[in-house]
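Notes follow once the structure below has been shown.
The values are calculated or read from the model by the stated rules, or taken from the named source; none is laboratory data. What you see is a predicted model; the values in this text were computed from it and never measured. In this analysis, Cβ positions are derived from the backbone assuming ideal geometry, glycine residues included, and neighbour counts consider all displayed protein chains.
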Amino acid sequence: MRTLLNLLWLVLCGFWMAVGYAVAGVICCVLVVTIPFGLASFRIAGYALWPFGREVVPRPGAGAPSAIGNGIWFVVAGIWLAIGHVLSGIALCLTVIGIPLGVASFKMVPVSLLPLGREIVPTR
């Protein structure tokens, strides 16, 4: 079932959300200072392609640098990516078949807003 949901997700909105994260990652990797943001963006792009069967958990040891970085990310790219997840979640929830996909899209909003200090791990 997980594979079927992932394939449906990939076709309906996963590819475009991953492209958005990849574009944000490329832009962030242009400057040396923002490379950690680019790496986080690429990590989330993989999660946006195949979200079912994985979850986001806080990374132990993430401290003040992650919090400061998340504040910068929120203003620069996070709000726009979160808006994309909310809009795609609303569109997916308009159909009965799309409701699980819409819930997955809403589940990705927190990590799109504050990606630093989080890990993407397989669901237990």
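Quick check on my filter: what residues within region 80-122 are surrounded by fewer than 19 Cβ atoms within 10 Å (Cβ to Cβ), under 17 Å from Trp50 (Cβ atoms) and more than 16 Å from the chain's Cα centre (by Cα)?
Across region 80-122, the qualifying residue is only Pro100.
Condition test on Ala22, is it farther than 19 Å from Gly89 by Cβ, assigned to a helix (DSSP H, G or I) and hydrophobic (A, V, I, L, M, F, W, C)?
Answer is yes for this residue.
Does Ala48 satisfy the condition of being at pLDDT below 85 and either of a type in the set (A, V, I, L, M, F, W, C) or buried (at least 19 other Cβ atoms within 10 Å of the Cβ) (or both)?
no
Scan region 91-122 for residues that are in contact with a strand residue (DSSP E or B) (Cβ under 6 Å, 6 or more places away or on another chain) and either at pLDDT 90 or above or of a type in the set (A, V, I, L, M, F, W, C) (or both) and jot them down.
Across region 91-122, the qualifying residues are Val111, Ile120, Val121.
Collect the residues in region 51-74 that are aliphatic (A, V, I, L, M), closer than 27 Å to Val103 by Cβ and surrounded by fewer than 17 Cβ atoms within 10 Å (Cβ to Cβ), keeping them in residue-number order.
Within region 51-74, Val57, Ala62 qualify.
Are there any helices (runs of 4 or more DSSP H) wholly within region 37-124 with 3 or more residues that are closer than 23 Å to Leu4 by Cβ and not β-branched (Val, Ile, Thr), and if so which? Full working, then the answer.
Values: elements: 64-73, 79-92, 99-107, 109-113.
Here the list reads 79-92, 99-107.
Checking Val30 against (1) more than 12 Å from the chain's Cα centre (by Cα); (2) in contact (Cβ under 8 Å) with a residue 60 or more places away in the chain, only one condition comes out false. Which one?
With respect to (1) more than 12 Å from the chain's Cα centre (by Cα); (2) in contact (Cβ under 8 Å) with a residue 60 or more places away in the chain, Val30 is out only on (2).
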